[in-house]
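The values are calculated or read from the model by the stated rules, or taken from the named source; none is laboratory data. This structure is a prediction, so every number in the text was calculated from the model and none was measured. Cβ placement follows ideal geometry from the backbone for every residue including glycine, while neighbour counts extend to all protein chains displayed.
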Amino acid sequence: MTGDLTRSLKRINFLITETNAQTIGWDSRAQFPPYPGQFRQAVYSHLAAGANMVEYWHWHSLHYGQETYWRGILSHDLEPNRIYQEMSQVAGELKRIGPQLVNLKKEPQVGILFSADASNALSYMPVGDRVTYQTVMQQMWNALYDLNIEPDFIQAGDSNLARYKVILVPPLYGASDTVLQQISDYVKEGGHVVMAFKSGFTNQFSTVRDVMAPGPLRAAAGFHYQEFTNLVQPVKLTPDPFAAGAANTADTWAELLILDTAQVLAKLDDANWKSPVITRNKYGTGTLTYEAAALSDPLQRSVIHDALSRAAILSADQALPSSIRVRHGVTQQGKRLHYYLNFSSNDATFSYSYPAATDLQTSRGAATGAPITIRSWDLAILLEY
């Protein structure tokens, strides 16, 4: 997530100045070395996100002090070891294929709207101890990760939202009328938005608007509200349109929505509150799906999956084995590149779904539909012809 955040907010490839080699920690209580292959895999995971450099903290393990057990490439004996050998392997590979990996250009179709102002504002007026701006943003990114969808992060106020088919919005608690109007215009012109609770409540100065919530978002969201409540425990929702089963719940916070034009997808199944929790509103040629409460992780993933499906951006990537993550990009030579990483101790096999390519590490060809097997904690880098 940090790689996606850094790359897309700066709109440029990034440098990893410190990453880990062996076990880490300020004491001996959490010493878990990388499995064979994981060290190498981590390097390519960074490159697949857009890194142009990977550096390590640090060369050799320190012999005293607070970071004695935050170990480096070499152990305390200063002799070559397994990690050193794996680093040497990666260095040799990158000397050979690095020019085809550097300056990778990413072209995500999904964006996550990022606002440090909204994060700070909500931290001063929290809805609870467990749910924050950051946790919802992480939850949304995790859902995309599970679905094998790569996102950009978009700075709130970016006027070029149209380059994305779907935009996810963590709690946009503090935002100017201009930012909210940009989101509304994006929906009106055909975009799909999934938006979390508390959005539009205050302006950019954390001043509550003196109009009906959600302020300038009302037409695009298709509802208004005057009341809200904390939820002291998870509350079941009804019906269950996303087939979330036992995870069809909301918690921590709920806004008591009054519908204007929005459609109710799920509402609180509580003895006192029957308020809509998930709504969808068609506005112009786009849709805005609103979450008036904090959703469970599986439910959030299903809501986002539904939005991706409506935007017609799902592909064979969503049918890959659960341990396989895929990342795409365009090389500086203008060719499409696909990283497949197996985050598992078991081998994984799948059908390659893109145009014919060459595996840069083995020089073997891969035709469309050909079976690809990736060993545990390994990867394949396929460059289209």
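Please work out which residue is surrounded by the fewest Cβ atoms within 10 Å (Cβ to Cβ), limiting yourself to the range 208-233 and to residues that are among the polar types (S, T, N, Q) and not in a loop (DSSP other than H, G, I, E, B).
Gln233
Scanning the range 122-148 for residues that are in contact (Cβ under 8 Å) with a residue 60 or more places away in the chain and among the aromatic types (Phe, Trp, Tyr), we see that the one that is surrounded by the most Cβ atoms within 10 Å (Cβ to Cβ) is Trp141.
Please verify whether the range 197-207 includes one or more residues that are part of a strand (DSSP E or B) and of a type outside the set (Ser, Thr, Tyr). Quick ask: steps written out before the conclusion?
Step one: of the range 197-207, the residues part of a strand (DSSP E or B) are 202.
Then keep just the ones that are of a type outside the set (Ser, Thr, Tyr); that gives none.
So far as the range 197-207 goes, no, none of its residues is part of a strand (DSSP E or B) and of a type outside the set (Ser, Thr, Tyr).
Scan the range 89-116 residue by residue and report those that are crowded, with 20+ Cβ neighbours inside 10 Å and outside any loop (DSSP other than H, G, I, E, B). Selection gives Val110, Gly111, Ile112, Leu113, Phe114. Taking the options Lys282, Lys236, name whichever one is part of a strand (DSSP E or B) and in contact with a strand residue (DSSP E or B) (Cβ under 6 Å, 6 or more places away or on another chain). After ruling out the rest, the residue left standing is Lys236.
Can you find, within the range 120-165, the residue that is nearest to Ile183 (Cα to Cα) among those that are part of a helix (DSSP H, G or I) and of a type in the set (Ser, Thr, Tyr)?
Step one: of the range 120-165, the residues part of a helix (DSSP H, G or I) are 120-124, 133-146, 161-163.
Subsequent filtering for residues that are of a type in the set (Ser, Thr, Tyr) retains 123-124, 133, 135, 145.
On the way: Ser123: 23, Tyr124: 24, Tyr133: 18, Thr135: 22, Tyr145: 24 Å.
Here the residue is Tyr133.
Among the residues making up the range 166-178, those that are assigned to a loop (DSSP other than H, G, I, E, B) and surrounded by 21 or more Cβ atoms within 10 Å (Cβ to Cβ) are Pro170, Pro171, Leu172, Tyr173, Ala175. In the condition set (1) without any contact (Cβ under 8 Å) to a residue 24 or more places away in the chain; (2) within 30 Å of Tyr186 (Cβ to Cβ); (3) in contact with a Leu (Cβ under 6 Å, 6 or more places away or on another chain); (4) of a type outside the set (Lys, Arg), Ala116 is compliant with all but (3). How many of the residues making up the range 339-372 are within 26 Å of the chain's Cα centre (by Cα) and either modelled with pLDDT under 95 or within 20 Å of Phe39 (Cα to Cα) (or both)? Here the count works out to 10.
When the range 359-381 is examined, which residues are found to be buried (at least 16 other Cβ atoms within 10 Å of the Cβ) and either over 22 Å from Leu104 (Cα atoms) or in contact with a Lys or Arg (Cβ under 9 Å, 6 or more places away or on another chain) (or both)? Of everything in the range 359-381, those that are buried (at least 16 other Cβ atoms within 10 Å of the Cβ) and either over 22 Å from Leu104 (Cα atoms) or in contact with a Lys or Arg (Cβ under 9 Å, 6 or more places away or on another chain) (or both) turn out to be Leu360, Ile372, Ile374, Ser376, Trp377, Asp378, Leu379. Number of residues in the range 225-255 that are of a type in the set (S, T, N, Q) and within 24 Å of the chain's Cα centre (by Cα) equals 3.
Each row is one residue, and each column tells you yes or no for (1) surrounded by fewer than 14 Cβ atoms within 10 Å (Cβ to Cβ); (2) in a helix (DSSP H, G or I).
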site	(1), (2)
Thr17	yes, no
Gln22	no, no
Tyr64	yes, no
Thr68	no, no
Tyr84	no, yes
Met87	no, yes
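Listed conditions (1) in contact with a Phe, Trp or Tyr (Cβ under 8 Å, 6 or more places away or on another chain); (2) farther than 16 Å from Ala292 by Cα are all met by Ser199, apart from (2).
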